[in-house]
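Working notes, structure below.
Since every read-out is calculated from the coordinates, none of them should be taken as a lab result. Just so it is clear, the model here is predicted, and its values are computed rather than measured. Here the Cβ positions follow ideal geometry from the backbone for every residue, glycine too, while neighbour counts run over all protein chains shown.
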Amino acid sequence: MDTKSKLDYRNKIILAPMVRVGTLPMRLLALGYGADIVYTEEIIDWKFLRSLRRINDALGTIDYLDKSDGTVVFRTCAKEKDKVVVQLGTCDPERALKVAKMIENDIAGIDINMGCPKEFSLKGGMGAALLSKPCKAKLILSMLVKNLSIPVTCKIRVLENIDDTLRLVQDLASTGISALGVHGRTISERPQHQNRNETIRMIAENLTIPVIANGGSREIESYKDIFKFKEECGSSSVMVARVAQGNCSIFRKQGMEDLDTVITKYLKCAVDYDNSPSNTKYCVQNMLKSLQETPRGKKFLECQTLEQICAIWNMDKYCHSKQLDYQLKGNLGRREI
Ligand code: FNR
C-alpha cells in the first residue's frame, strides 16, 4: 500500500508547529476539538539522533528519550498516529533522512522548518536560513521525498519580493513535496504586522500542490473565521498557531468553549500522558495570559507539580490516582524538567 497517499493536506484545519506548545497533550486536545492534522513543535535533528525509541507500556505511548538524561524528545501515541506531522529543524539532508527513517513508522508526515527567524536557527543554517539557500533546501526535501514512505512538507515565510517568492515556491514544489505551509510574513516581520494574505493567494494560484495558509491568528476569533481566512488566501488548508495556543477549542465547529473547560480538558491529557510539570505549566500560562494576575492565577504560578496545578481545576484526585497507577505499572522513566 502506498502510505504516501494516506495523509491528504486538502481542506484541512491544522494545529501549527509551536515550540513547547505542540507537545502530545496539546496535540490530542486539538484533535479532540476537531483539528484534522497536528504538527509537533520543531524538534532539532540532532536531538532525535541522540535519543532512543522506547515503548512506554504504562502510558501506551512511544517515547524518544534523550540517551544521556532520559528527557522526552518526542512522545506520541496511537490516537494521533495518522494525523501527526513531526516538524524537523535541520540544515543537512543526510541527517534529516537519518532522523526521518528513525521515526517514519510512528508518524503520518514530516515537515521541514524553513520559517524560523530566531538567531539559534539562522546561525545553524536552519529555519528561515534555508530560504536564502534554495539549493540546500531542495536537497533536503528531495532526499526525504525519494526515500520515505510518508509525505513530506515544508513551512516557509514569504520573501519581500513576490517574484522571488514565486520562484522559491516553484523550486520547493519541484522536489515532490505533498504540500507547502506558508506564513504570510517576511523574516523581519513580527506578529503585529499585517499577514500577506494576497501573497499566499498568488502562491496558491501558482502551485498545484495544496498550500496551507498560516499567519491569520489576528483575524481569527471563531471557527468560521478560519474559513474566511482560507477564502481570503485562496488556500487548500489553514494552519493555526496563536489562537489555538490561547484557546484550543478554536477547532470546535460548534463554537469555542470557556477557558476553564479547555484547561480542564488539557490537564486531563497532560495527566494521562504524564506530561512534565514545567511544560504543562507553560501551556496553561499561555492560555491564562493576563488572568495570571488574578488571585487564582498567582496561586497557579506558585505550583511546581502536576498535582498542584491540577488542584486549581479540581483535578488533583484524578492526577494523584493516575500517578499512583503509573508507579504501580513500573516507572515511566525520567521526567523532562
Ligand atoms: C511558533 N511558530 C513556529 N513555527 C514553526 O514553523 N515551528 C515552530 O516550532 C514554531 N514555534 C512557535 C512557538 C510559538 C509559541 C508561537 C506563537 C509560534 C510560528 C507559528 O507556527 C506560526 O507560523 C505563526 O505564529 C503565525 O501563525 P498564527 O499565530 O497567526 O496562526
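With a ≥ b ≥ c the root eigenvalues of the C-alpha gyration tensor of the range 14-89, is it rounded (a/c under 1.5), prolate (a/b larger than b/c) or oblate? In terms of gyration-tensor shape, oblate.
Scalar couplings 3J(HN,Hα) for the range 48-63, obtained by applying the Karplus form with A = 6.51, B = -1.76, C = 1.60 to θ = phi - 60°, are 5, 5, 9, 10, 10, 7, 10, 7, 9, 5, 4, 9, x, 10, 10, 10 Hz; x denotes Gly and Pro. Three semi-axes describe the equivalent ellipsoid of the range 259-328; taken as square roots of 5 times the Cα gyration tensor eigenvalues and ordered largest first, they are 21, 11, 10 Å.
Sites listed here are trypsin sites (Lys or Arg not before Pro) in the range 205-245 whose DSSP assignment is loop and whose Cβ has at most 12 other Cβ atoms within 10 Å, and the list is empty. Build a GNM of the chain with springs between Cα atoms under 10 Å apart, and of 275, 105, 161 the one that fluctuates most is 161.
Okay, which of the range 83-103 sit inside 16 Å, backbone N to the point 7 Å along the Cα-Cβ direction of residue 19? From the range 83-103, the list is 87-91. Sorted from greatest to least, the principal axis extents spanned by the alpha carbons of the range 180-225 come out as 29, 29, 15 Å.
Shape class for the range 3-251, computed from the alpha carbon gyration tensor (a ≥ b ≥ c): oblate, with a/c not under 1.5 and a/b at or below b/c. For the range 207-272, what does the alpha-carbon gyration tensor say about shape, rounded, prolate or oblate, given a ≥ b ≥ c as the root eigenvalues, a/c under 1.5 as rounded, and a/b over b/c as prolate? Judged from the Cα gyration tensor, the range 207-272 comes out prolate (a/c at least 1.5, a/b above b/c). Centre-to-centre separation between the Cα atoms of the range 263-314 and those of the range 132-182: 38 Å. Expressed to the nearest 5 percent, the antiparallel share of DSSP beta bridges inside the chain is 25 percent.
Selection among 301, 144, 62 by position relative to the dipole of the chain gives 62 as farthest towards the positive end (Cβ unit charges, Cα centre).
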